[in-house]
1. Taking segment 109-144 only, how many residues are under 21 Å from the mean Cα position of the chain (by Cα) and surrounded by fewer than 22 Cβ atoms within 10 Å (Cβ to Cβ)?
2. Among the listed residues 214, 224, which satisfies the condition of being surrounded by fewer than 19 Cβ atoms within 10 Å (Cβ to Cβ) and hydroxyl-bearing (Ser, Thr, Tyr)?
3. So which residues in segment 163-182 are open to solvent by 50 Å² or more (accessible area, probe 1.4 Å) and either of a type in the set (Asp, Glu) or touching a Gly at 6+ places or on another chain (Cβ under 6 Å) (or both), if there are any at all?
4. Yes or no: residue 99 open to solvent by 60 Å² or more (accessible area, probe 1.4 Å) and closer than 30 Å to residue 281 by Cα?
5. Filter segment 192-244 for residues that are under 20 Å from residue 276 (Cβ atoms) and in contact (Cβ under 8 Å) with a residue 60 or more places away in the chain and give the result.
6. Residue 177 versus (1) in a helix (DSSP H, G or I); (2) of a type in the set (Gly, Ala, Ser); (3) more than 21 Å from residue 75 (Cα to Cα): which is the lone unmet condition?
7. Which residues, counting only those in segment 251-294, are surrounded by 16 or more Cβ atoms within 10 Å (Cβ to Cβ) and part of a helix (DSSP H, G or I)?
8. For segment 1-96, give me every one of the strands (runs of 3 or more DSSP E) that falls completely inside it and has 3 or more residues that are of a type in the set (A, V, I, L, M).
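The values are calculated or read from the model by the stated rules, or taken from the named source; none is laboratory data. Given the structure is predicted, the values throughout are model-derived calculations rather than measurements. Cβ placement follows ideal geometry from the backbone for every residue including glycine, while neighbour counts extend to all protein chains displayed. Remember, those area values only see protein heavy atoms, side chains included, never the ligands or the DNA or RNA. Shrake-Rupley method; radii C 1.70, N 1.55, O 1.52, S 1.80 Å.
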Amino acid sequence: KMIHLQGPQMLKMLEKSLRKSLPEALKVYGTVFHMNQENPFNLKALVDKWPDFETVVIRPQEQEMTDDLDHYTNTYQIYSKNPKKCQEFLGLPEVINWKQHLQIQSSQSSLRTAIQNLAATNSGKVKQTQNILYATVKTVKELIPSMLDAKNIPNSDKLKSINQEMFKYSSLDVTHAALVNKFWLFGGNEKSQRFIEHCLQAFPSFCLLGAEGTPVCWSLMDQTGETRMAATVPEYRNQGLVAHILYTQVQALEKLGFPVYSHVAKDNHFMQRANKNTSIPLPCDWNQWDYVPL
C-alpha cells in the first residue's frame, strides 16, 4: 500500500515528524523542507501509511522521469524507521521504477540490505558510495541540539583572508553549468550537465570571480537542499578559496532559514579541512546507491 501525501498541510506534518528522526532522516528532511518552500524540482512524497508512517520516499513526478538512462533525475530520497521491513514498500513499482537507471540517496546505511535484495530481484546491479555527512553548527543547534558538544564546535576565526582586489563574490548562472560539470566528481556527462542547469535555476549558488571576471571557485545546492559540487579551478587551488565560498554560502543560506548540510568523500582530507570552519561531522553517513537494470 502506498499513500501520496498531497497539499501543504500533509507535507508540513511530514517535515515536523521527520525532525524527530534527525540526523538519520536528514537527506529526506532537507528535501521535504524545500518542497514546503517552493518545490522547484516538482517532487512528491510517498509513505507506506499515514500519519504513523514507517517509510517515506521522495521522488520526482512520473512526467519528469521520461529518460530511463538519466539517473540524476531518477533519484529517490529514502528514510525508514524500520529498514529491515521496508523492502516490500520499496519494491512496489509505483514507489520506485526499477526498470530505469536510478539513484537512491539516504543518510541510513542500514537500507543497504533491502536495496541489494531489490536490485537482485529486479536483476540489476547496484553500487554504493558512502561519504561523511556534515551539518553546520547552526543547523545542528536548531534541529539536533542534543548533538552539540563544546569539543566539536568549529572555530571559524581561522579563515585566511583573501585578496579582495583580485576576487569578487558572485553567483553562477546556467551558462556556467558546463564549467561546474567538468569538475564535479559525480558528473562530467551531458545528463549531469542538465541536472546542474536545473540546480542553478532552482537554488542560490555562490562563486568567486577571478581577475578575468570568470568563476574560479564555487558551490551549489541540489534538489535536497544539500550544498554540493564545490570546486576550484586548478590554477587557483591551495589559496583557501573554497573555505571562503563555503563560509559565505553557509551564512547566506542560514539567513534564509535553510537547514545547511553537505557531504565529503572519506579520502578528501582537503575538503574535510575546508568544512571544519562551519560544520561538524554527523554520526550517520551520506549514502548513494547507483542502480542499473541489466
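1. Number of matching residues: 16.
2. 214
3. Result: 165, 173.
4. Details: open to solvent by 60 Å² or more (accessible area, probe 1.4 Å): yes; closer than 30 Å to residue 281 by Cα: no.
No; evaluated as a whole, the condition is false for this residue.
5. Those that are under 20 Å from residue 276 (Cβ atoms) and in contact (Cβ under 8 Å) with a residue 60 or more places away in the chain: 226, 239, 240, 241, 243, 244.
6. The one condition residue 177 does not meet is (3).
7. 253, 254, 271, 272, 274, 275
8. 43-47, 55-60
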